[in-house]
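First comes the structure, then the notes that go with it.
Read-outs: derived from the displayed coordinates by stated rules, not from any lab. Owing to the predicted nature of the structure, the values given are computational and were not obtained by experimental measurement. All Cβ positions, even for glycine, are placed from backbone atoms using ideal geometry, and neighbour counts span all protein chains on display.
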Ligand code: SF4
């Protein structure tokens, strides 16, 4: 059963609010373009806004230092000392010892400096005078009745080369990627297209995009693409602009349908993860309901056709928001001592109280063989880079299984519908 877009959930997490888009003039930020470009419905459904957690706060602090590093590198304003930022409380696994805080600060600083150096390196072959715009507000501008805009981490422009480069600094670990000239990162591409639209007299002849994600779980921290071919650059602008127009037209359609009391079809996929509209989304609700029927054993996964298997596989991320919501709801019921929730307690496993003291004790006992090295990124700065390079290899490639026919929500829903019919 889907929650109607006009209804609120019966209870909300502490500090959460609900934002309902203005259907007469919806606004979309390019920071979430990877979601609304694939599922226009997500741009117009209500959104659950929760207070930012420690990981997001850590990203905000890291961005402050990154902004400073860019300003220093491109000599913007008066030179200043690196801002002193501190790790927010509540970071997972963080010990908050003086040493841990110092290491964190050093790492944040090092990452910021690398970010600025890498961004500047994209203009090494240009005459001086590259203009670096930091945390630049782009738009909002209205296309097909939809307002679109956002804040770009970095936009760089060299007037002599007529080179425009868009960049993004990500401090999270889930890989984002810069994409390629043909398939650029949607956030970066939208910022560039909208900025160029705001400054039509500039007409870039060369283009580039980058994403720097120093703590990425896998893949390269620094990723970029670009072209110095004027025709390719102009074609890119046209193509990316058309793409953005098409996506915004779909959002406009979704808004007018919703205003008339109808929902356009949801398009579930990997982009559903963390979708703030999952509570109102029919796809998340239907898949969650069907998953329970599978759990009940009405039928087995082996009964699906290969096409149905791949359609369901392509839509699997729709379950994540559903599960997150469910967990949150159970937690809230427990907090109010609701009788439907029982708590079973298992004594926690024994864990080290002071990891640093354990390392010391093991070294004194001459048992270095029991120590585990930290992640490669954590060792950055602690050992010379050449030494790190000599010690590093690559984990096996990660295989991603993708449905040949792409996402087929109707086929996936149809596969589940079989269960529903049989049960009746
Ligand atoms: S959960 Fe997925 S399918 Fe549903 S609205 Fe969000 S992005 Fe669209």
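Please compute the length gained on full extension between residue 4 and residue 388, using 0.36 nm multiplied by the number of residues separating them and subtracting their Cα-Cα distance. Provide the component values of the computation, followed by the final result.
Numbers: separation 384, 0.36 × 384 = 138.24 nm, distance 5.44 nm.
Stretched out fully, the residue 4 to residue 388 stretch lengthens by 132.8 nm.
Using alpha carbons only, what's the Rg to Rh ratio of the chain with Rh from Kirkwood?
0.99
Quick check for you: which residues of the range 224-257 have the amide N under 20 Å from the point 7 Å beyond the Cα of residue 402 toward its beta carbon?
224-226, 240, 243-244, 247, by backbone N distance to the label point.
What distance in nm lies between label points placed 7 Å from Cα along the C-beta direction at residue 324 and residue 78?
Distance between the two pseudo-spin positions: 4.3 nm.
Go through 115-122, 384-391 and give me the packing order, highest mean Cβ count within 10 Å leading. Let's see the in-between values first.
Working: 115-122: 19.2, 384-391: 10.2.
Result, highest mean first: 115-122, 384-391.
How big is the Kirkwood radius of the range 5-106, worked out from every pair of different alpha carbons and given in Å to one decimal?
On the way: mean 1/r = 0.0577 Å⁻¹.
Result for the range 5-106 stands at 17.3 Å.
In whole angstrom, how long is each semi-axis of the equivalent ellipsoid of the range 54-251, when you take the square root of 5 times every eigenvalue of its Cα gyration tensor and sort them from largest down?
Numbers: eigenvalues 188, 78, 45 Å².
With the √(5λ) rule applied to the range 54-251, the semi-axes are 31, 20, 15 Å.
May I ask what percent, to the nearest 5, of DSSP beta bridges between residues of the chain are antiparallel?
Details: 26 of 37 bridges.
Around 70 percent of the beta bridges assigned by DSSP in the chain are antiparallel ones.
Ranking request for peptides 352-365, 170-183: highest mean number of other beta-carbon atoms within 10 Å first, then the rest in descending order. Before the final figure, lay out the partial values.
Working: 352-365: 11.1, 170-183: 15.9.
Listed from highest to lowest mean packing, they are 170-183, 352-365.
I want to check the label-to-label distance for residue 160 and residue 183. Put each point 7 Å from Cα in the C-beta direction and report it in nm to one decimal.
Here the answer is 3.7 nm between the modelled labels.
Distance in nm between label sites at residue 331 and residue 295, each 7 Å beyond Cα in the beta-carbon direction?
Placing both labels 7 Å beyond Cα along the Cβ direction yields 1.8 nm.
By per-residue mean of other Cβ atoms within 10 Å, what is the highest-first order of 74-87, 249-262, 32-45, 95-108?
On the way: 74-87: 12.1, 249-262: 17.1, 32-45: 23.9, 95-108: 14.3.
Per-residue mean Cβ counts within 10 Å order the peptides as 32-45, 249-262, 95-108, 74-87.
Would you kindly calculate the translational diffusion coefficient of the range 157-221, applying Stokes-Einstein with the Kirkwood radius from alpha carbon pairs, for 25 °C and a viscosity of 0.890 mPa s, and quote it in µm² s⁻¹ without decimals?
Diffusion coefficient, whole number: 195 µm²/s.
If you stretched the chain out fully between residue 174 and residue 361, how much longer would it get, using 0.36 nm times the residue separation minus the C-alpha to C-alpha distance?
Values: separation 187, 0.36 × 187 = 67.32 nm, distance 3.45 nm.
So the chain would gain 63.9 nm between residue 174 and residue 361.
Can you compute the helix-only [θ] at 222 nm over the chain? Use -39500 (n - 2.57) per DSSP H run of at least 4 residues, normalise by all residues, nearest 500 deg cm²/dmol. Let's see the in-between values first.
Values: 13 runs with 171 residues, N = 424.
Taking each H run of at least 4 residues, the total per residue is -13000 deg cm²/dmol.
Nearest 5 percent is fine: what portion of the DSSP beta bridges confined to the range 54-251 is antiparallel? All intermediate terms of the calculation are to be shown ahead of the outcome.
Values: 23 of 30 bridges.
Restricted to the range 54-251, the bridges split so that about 75 percent are antiparallel.
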